């Protein structure tokens, strides 16, 4: 079974593009449009990792990460990978300090996405089934 990814992204075009890419890479993806939906989907689902946009309406990715981390008391933490257009090292440091495990800057390169997901998802079905040159 392929790794299951929860994708929280408010920009519909970015959401469609990222979901399509992840599916072509062999992942199962559930997409949501804001942090509150991400928290609800996490509580109701079974995911191997979360790709979390940091700047979203209603509830941003940082607040959603905090809520998800509170739900995990006593269980293994799920990898949460922040996605943002902010590229300063201090932005990454803030995301990590607020509970994210990794941080990717948009636009996300395929190589960075693949290597980060491989690092944070475990098992034989890490998701990558095709060569990068064929994506």
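Every condition in (1) buried (at least 22 other Cβ atoms within 10 Å of the Cβ); (2) under 15 Å from residue 79 (Cβ atoms) is met by residue 25 except one, and the failing one is (2).
Looking across the range 95-114, the residues that are more than 13 Å from the chain's Cα centre (by Cα), free of Cβ contacts under 8 Å to residues at least 24 places away in the same chain and either surrounded by 18 or more Cβ atoms within 10 Å (Cβ to Cβ) or more than 13 Å from residue 80 (Cα to Cα) (or both) come down to 107, 109, 111.
Which members of the range 74-93 meet the condition of being free of Cβ contacts under 8 Å to residues at least 60 places away in the same chain and touching a helix residue (DSSP H, G or I) at 6+ places or on another chain (Cβ under 8 Å)? Matches in the range 74-93: 77, 78, 79, 80, 81, 82, 84.
Criterion first (modelled with pLDDT under 95 and touching a helix residue (DSSP H, G or I) at 6+ places or on another chain (Cβ under 9 Å)) does residue 71 satisfy it? If you could, list the steps in order and put the result at the bottom.
Values: modelled with pLDDT under 95: yes; touching a helix residue (DSSP H, G or I) at 6+ places or on another chain (Cβ under 9 Å): yes.
Yes; evaluated as a whole, the condition is true for this residue.
Mind checking which residues of the range 73-89 are in a loop (DSSP other than H, G, I, E, B), in contact with a strand residue (DSSP E or B) (Cβ under 8 Å, 6 or more places away or on another chain) and under 13 Å from residue 103 (Cα atoms)? Scanning the range 73-89 gives 79, 85, 86, 87. Annotation note: of 36, 70, the sole residue that is surrounded by 17 or more Cβ atoms within 10 Å (Cβ to Cβ), in a helix (DSSP H, G or I) and over 14 Å from the mean Cα position of the chain (by Cα) is 36.
The values are calculated or read from the model by the stated rules, or taken from the named source; none is laboratory data. For clarity, every value in this text was computed on a predicted model and none was experimentally measured. Positions of Cβ are generated from backbone atoms using ideal geometry, with glycine treated the same way; all protein chains shown enter the neighbour counts.
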